[in-house]
1. Tell me the mean residue ellipticity at 222 nm calculated for the protein assembly as shown from its helices only (DSSP H runs of n ≥ 4, each -39500 (n - 2.57), averaged over every residue, nearest 500).
2. Tell me, how many Å apart are the Cα centres for the stretch C:67-120 and for the stretch B:26-54?
3. Between B:ALA239 and A:LEU106, what's the calculated FRET efficiency when r is the beta-carbon distance and R0 is 35 Å? Round to 0.05.
4. Over 21 Å between Cα atoms, which of D:LYS15/D:LYS190; D:LYS46/D:LYS343; B:LYS52/B:LYS83; B:LYS6/B:LYS83 qualify?
5. Work out from phi, with θ = phi - 60° and the Karplus expression 6.51 cos²θ - 1.76 cosθ + 1.60, the ³J(HN,Hα) of each residue of the stretch D:424-431, listed in order in whole Hz, and give x for Gly and Pro.
6. Name the longest site-free stretch of chain D, where the excluded sites are chymotrypsin sites (Phe, Trp or Tyr not before Pro) in a DSSP loop with no more than 11 other beta-carbon atoms within 10 Å.
7. Where the only charges are on Cβ atoms (+1 Lys, Arg; -1 Asp, Glu), what is the dipole of the protein assembly as shown about its Cα centre, to the nearest 20 debye?
8. Points 7 angstrom from Cα along the Cβ direction at B:ASP267 and C:ALA16: gap in nanometres?
Amino acid sequence: MTMRRALSRMANPQLLALVGVLLINWILFPNFFRITWQDGRLFGSVIDVLNRGAPVAILAIGMVGVIATKGVDLSVGAVMAVAGAVAATLVVAGYPAPVAVVAALLVGLLCGLWNGFLVAVLDIQPIVATLVLMVAGRGIAQLITEGFIVTFNDPLLVFIGTGSLLGLPMATVIAIAMLVLVTLLVRKTAIGLFIEAVGVNRAAATLAGIRSRMLLMLVYGLSGLCAAVAGLIVAGDIRGADANNAGLWLELDAILAVVIGGTSLLGGRFSVPLAVVGALIIQAMNTGILVSGFPPEFNLIVKAALIFLVLIIQSPLATRVVVVKRPVREAGK
Amino acid sequence: QDVSGKVIGFSQIGSESGWRAAETAVTRQQAEERGVDLKFADAQQKQENQIKAIRGFIAQGVDAILVAPVVATGWDDVLAEAKEAEIPVVLLDRGVDAPEDLYLTSVASDQVKEGRVAGEWLVEAVGDEDCNVVELQGTVGSTPAINRKAGFEEAIAGHDNITISQSQTGDFTRSKGKEVMEAFIKASNNAADICAVYAHNDDMAVGAIQAIKDAGLKPGEDILVVSIDAVPDIFSAIAAGEANATVELTPNMAGPAFDALAAYWADGTEPEKFIITESKLYTADSDPQGEYERRKDLGY
Amino acid sequence: MNRSLRPLVATAVIFAIAYALSILQFPGLFSTRVLGNFLTDNAFLGIAAVGMTFVILSGGIDLSVGAVIGFTGVLVAVLISWAGWHPLAAFAMALASAAAFGGLMGLAVHYLQVPAFIVTLAGMFLARGGASVITRDSIPVSHEFYDWISSLIIRLPGGGRLSFIGLLMVAIFVVGALVAHRTKFGSYVYALGGNSVSASLMGVPVARTTVGVYMLSSMLAALAGIVFSLYTSAGYPLAAVGVELDAISAVVIGGTLLTGGYGFVLGTFIGVMLLGLVQTYIIFDGTLSSWWTKIVIGALLFLFIVLQRLIFAASVRGEKAS
Amino acid sequence: MGGTGYALEARGVVKIFGNHVALDAVDFGLRAGEVHALLGENGAGKSTLIKILTGAYQPDGGEVLVDGQPVSLDTPQQAQALGIGTVYQEVNLLPNRSVAENLFLGHQPTWFGLTDRRKMERDSRAILKRYGLDIDPASELGAHSVAVQQIVAIARAVELSGKVLILDEPTASLDRNEVERLFEIIRDLKAHGLAIVFITHFLEQVFAVSDYVTVLRNGRLIDTRKLDDVTRTDVVRLMLGKDIAFSGATGLADARPTGEVLLDFTNFGRKRSVHPFNLTIHKGEVIGVAGLLGSGRTEMARIMFGADAADEGEVKIAGKPTSISRPTDAIAHGFGFCPEDRKAEGIFGDLSVRENIIIALQGKLGWFSALTRDEQMEIAGKFGEAMDIRAASLDMPVKLLSGGNQQKVILSRWLATDPAFLILDEPTRGIDVGAHAEIVRTINRLRDEGLALVVISSEIDEVVAYSSRIVVMRDRELVAELSGENISPGVIVQAIANHREGTPT
Ligand SMILES: Nc1ncnc2c1ncn2[C@@H]1O[C@H](COP(=O)(O)OP(=O)(O)OP(=O)(O)O)[C@@H](O)[C@H]1O
Ligand SMILES: Nc1ncnc2c1ncn2[C@@H]1O[C@H](COP(=O)(O)OP(=O)(O)OP(=O)(O)O)[C@@H](O)[C@H]1O
Ligand SMILES: O[C@@H]1[C@@H](O)[C@H](O)OC[C@H]1O
Ligand SMILES: [Mg+2]
Ligand SMILES: [Mg+2]
């Protein structure tokens, strides 16, 4: 039973797609799967995928809950920049690194709660609500860094971005930890069910006694927090807070990851692990193009093709054609 | 010669690299020293914003306009408008494809030469040994990226032992520089085949240095690192033996620009059309620690 | 007053107040030159925003706008400068390709039943990637026709100029408003945004309207790209990055609800002018760093959506009570 | 005209959703100048048949004929073009557009290609007048009550129906007068030779206007009869395939409140919504709420439950003053609420039947004491069985269930929380006879078990049958309270009517 379940889980389209992309990479670049042990850490292209994919995966872990509530969080890229800017300016100003890290996380959480406030309390559509911070956030980050790339050498911040644990890059370790924590949070409690309920029908959820406002605050807060973690990682990675470029357009990748992971932008059912798989698919493509020496212009085109592929596979139309047994979505939307 | 009391607009590209932030800071500093009322507009990497800013300056009736143009094309109309309003325009650090009479002068480095200086250093450094170079390019399509590539290729032409084995854009940023370098390393047999990295700016070089270290190699020894800009961080890397050379691009483009304007206003002296700044090479022998100290507060 | 008119009025009033306050501080802002610049400098944004208004009214969104502008610029430049086409032929080609492109996105939105957000995101990647594949450089365009168009200027007293592209934008807004409010297609768009299931059962040709909306948006984006190429006499694959966000902001500030079904094309015009005012104000001030533009636009967005919320909530209550 | 003489006909139509056969070789024919009632339990396939006849769905088998000619209808638009006008079930037109535009969408009068608004609004005014509606055609549809919207929908369908008019439960939210007016229009259109399909769950209405009746059961055609040849009992029997005992309209003489006082609302109200009212509710009683459409019954229910917060008055629960400003407060005190609009406020369409049943209980337990899957299965199974919910599996999405079964799911949801007080708003609206009887039985059982219930219903016979007391609302005000022998349809109607003509507000 569990065996069969595990097997059928393996057979889902996302994992197949990941395997597919990895195989293509392997064909284009035979050393793709070569992993060596280097100075106490694993080293190889696959590890790069795990490492480089971590920030988007972490964003996706936060984003998936938001999307499940029928929302979207456009501000995560900007929040990454803000968090990095806060941490960097604090350590440069001489504060101890743990203080800087905690402050950055708090700022991320606050940004998320602000979004949650707009969505849950003022009842503003998520796209516009988070567009506010998407636009203003990067401005705030630049305000904090005064337009400079604030560089640092603080060992803790650098460790977060480039360290390793048990041979794995720290970013990957953090992403895995967040994946496990958030999955437990939503699945071992009723939060996951409530998120889905709010996403499917918020009015009904409120009448059924779900505190949908608190839940939305939680979900957006978590997304902000995840963005801050990702922001710390990318800042640590280059030992500097680059308000201009940190997290630029990553919100789109994160949303893409979630959608590739099978969570509908219309809200409802969601899966955190599959969102992470989505992030890995995107990164596997990026890395594949880089190592195989393809001109990066093609990156965007391949990405577009991938989206269409996933959409066609997941679309109700295809489901109708391929698996006649599954129920079909209603006409219209 | 005096520009004090003048209102001068400065349309800056953005702040994509440490060098550009420094240029902004130095321009402000220069303006303050000379008593110029500087109107600053940052275009966030967008040409349309720069055009808007210039037209805004014209509408405001400034005395002169400085522009660091993000791309070379598309300036004719707006420059003509400035000319019609009799406002002199000075180009900073990048050139344009427009008739020369539309601007007073252009203060810039010779970007081809920068690439060439970097290339010549490498030719010297490797001697007769075979060397595969990986190149981190600047923003796709930008003039510094095109010119620095051309200059470097010019310098290594005829040295068959040196070849560019891989070349990708790193967008002038550290993070892209690092990510692309990581891929280069994997793609070349864990860097066994790479002898040097040439980065179109220091930020990408700093990123690349970290990638090299992560691969368990020693930047500066196992892989030579040469780049352009001369920002403080590259000097600390040179001091630590992790980078080998950088070609200076002075952030003080505004100084010569203000000088030219002052002369022009004083007695109508037409400045030279192209004021070329120096492209000086710095290596481990040029007191990197000292250079670092000298620059670190310059707003890089 | 019709309750959906209220956000429009609010936007207009706020624009008037903001402009008046700015003039108090910088009298130079009240000149024909600045007014002419408002039209010319925002022409491409305005034209794209008209298309975005239709998309948003229909309940969708189009993230590909900026990329289509970039692609069009490159295509036009390549056709004129490399292939030697006449600009008008190149424009026709660009509009036709955009129509096909938008049509495909519309088909995907309708038949794959996928949110527009994701379809047009793919479209954005495709158009931007396509432009970069054609060329990585900025290609200059020099052609008499371009010079002729830039010479079409109405000079105003006080140094101001009304340019061809500025007037073109105004014309597009007027036509857009007519189409939205006075044609069948327009009513179908609102119907779709109000409730797509009801609309379809009421006989609205949902597929055709959806395809039409995305076609229109892409074609207007292409027209914006043409205007952009006239504005800069060049095509550059990285041009107009993120313009879709400015367009969305303008639409939202102009009082159109992002959920679809409510809003006005002319509101978007005021939205565009307000964004232009913020930028111009910051340029006039000259000491505010660019990040203030972002912060102020973010704050404006916030102000407007909260305002709209309040107005909407108040009018709903008011009307039910009366 | 073809040989059959049918204006619109379905022949051997089959429709399959997933692996559920919604229509199984159904034949249905409609002649000009006749009103044809289409009956069947919830989920029998009535709406599906309508959607196929009007091009909203495509059949998986069989064919549709217009005037004897096979046609392929790909969109509702094509059906409209053929003169088929339709009011679909639960479709509220476009709340964001003006009344006039809702009436004319798709065939607006134009003037050089541009909509002629003036003419459109003038014509709208004339059309609406026929339905006794005097509203501004330029006003937004959404600003009007559901009943007005429903009338606009009917008017639109009538305007479009050159040949055929299809009405899928058009009367669900209309009051008596409005229904009467609709019937007049139907008779008039019939006299003009239109073919009319009429779907409803109200048998009286069927007998009031129809000539023919067709009964569907489980997607199969049971029979088509001329109405003169059948009795009510015949029809019910056809629908159910069995006899059911249905209580007559007599009050519950023995159901005086005996339990202790559970709730005491004093001067409870909300500005612009419900006038302050006083109401005492005992354990073990059912309070029926009667009133005309829009009289504020739903709004009263919502403030009792905290869905809208009361801004005056107070409520005592078992004698203790309490504040109820949110549903969670109410639920914590053992309240439950089945809302009127099932789809919009009741069910979680994409979630499973199981999750829909346990969700309120889980909400009560909070975020961190999650029910395990097994516990959920057990609870859902228990209540599903008690309520006789017909679902292939507890794990199927609830949206695939028919309306009546969805209503049972919502009721189960509250029963799972072990409530002391239930508010049911129109629990039997739009559901079939079988589910209807099931729900009435449940109401009686719960009362006997000592629960307090408030039940809002527009069906006066029904309210009379199970209520211990009845309160009557008018114009957002509680205007009468009836008990004992006063509980009879006549007295209630009089209570509503008297007050209607009496004190103007
Ligand atoms: N789009 C759909 N997808 C899947 N199943 C559907 C769909 N539409 C209807 N069904 C199913 O088909 C069956 C017939 O539904 P239909 O709506 O025609 O019933 P009905 O007779 O109109 O019932 P009611 O009286 O409740 O309106 C039901 O079991 C319903 O759940
Ligand atoms: N006097 C009124 N003027 C305008 N709208 C009203 C008025 N009274 C009620 N409404 C609206 O009519 C609708 C029906 O009101 P409500 O649901 O409270 O009444 P009800 O008695 O429960 O009727 P229903 O039988 O429809 O449930 C609501 O949208 C309400 O806001
Ligand atoms: O680093 C610099 C880059 O930011 C600028 O845009 O062009 C010159 C470069 O050296
Ligand atoms: Mg039905
Ligand atoms: Mg009601």
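1. The per-residue figure over the protein assembly as shown is -17000 deg cm²/dmol.
2. 35 Å
3. On the way: r = 36 Å, r/R0 = 1.04.
Taking R0 as 35 Å, the efficiency between B:ALA239 and A:LEU106 is 0.45.
4. As for pairs spanning more than 21 Å Cα to Cα, those are D:LYS15/D:LYS190.
5. Going residue by residue, I get 10, 9, 6, x, 10, 5, x, 10 Hz, with x marking Gly and Pro.
6. D:113-367
7. Values: 114 positive and 142 negative charges, 955 e Å.
In total the dipole reaches around 4580 debye.
8. Here the answer is 5.7 nm between the modelled labels.
Read-outs: derived from the displayed coordinates by stated rules, not from any lab. Source: prediction; values computed, not measured. We place every Cβ from the backbone using ideal geometry, glycine too, and count neighbours over all the protein chains shown.
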